[in-house]
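One structure below.
Please treat every number below as a calculation from the coordinates, not as lab data. It should be emphasised that the depicted structure is a prediction, and the values quoted were computed from it without experimental measurement. Note that each Cβ is placed from the backbone with ideal geometry, even for glycine, and that neighbours are counted across all protein chains shown.
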Amino acid sequence: MNGVWAGIIWALAPTVLVGLVFWVVMSSVVRADRSERKAYAKVEAQERARRGLPGKS
């Protein structure tokens with residue numbers, strides 16, 4: 001019975017590990033995009049204020 005469980009674990013481990021790596025990479029991409037959009041909005045707001053334009057709605 002031990003050999004069966006070991007086989008099951010060895011069969012599922014690569015899929016689980018690849019899934020975890022994918023999740024970490026995608027969450028990093030989403031977090032980076034979120035911070036980049038926030039920084040861009042801040043710069044855009046500063047430029048609009050400097051030029052005397054109304055704020056973006």
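Output the 0 to 90 degree angle, nearest 10, between the alpha-carbon long axis of helix 2-51 and the longest principal axis computed from the alpha carbons of the chain. Tilt relative to the chain: about 0 degrees. Putting +1 on Lys and Arg Cβ atoms and -1 on Asp and Glu Cβ atoms, find which of Val30, Ala49, Leu17 reaches farthest to the positive end of the dipole of the chain. Working it through, the farthest residue towards the positive pole turns out to be Ala49.
Computed extension length for Gln46-Val21: 5.2 nm, one decimal, from 0.36 nm per residue of separation with the Cα-Cα distance subtracted.
Taking trypsin sites (Lys or Arg not before Pro) across segment 10-51, none is in a DSSP loop with at most 10 further Cβ atoms lying within 10 angstrom of its Cβ.
Once you divide the Cα radius of gyration of the chain by 2.2 N^0.38 Å, the number left is 2.29.
Within the set of other residues whose C-beta is less than 14 Å from the C-beta of Glu36, count the net charge using Lys and Arg as +1 and Asp and Glu as -1.
On the way: positive: Arg31, Arg34, Arg37, Lys38, Lys42; negative: Asp33, Glu44.
It works out to a net charge of +3.
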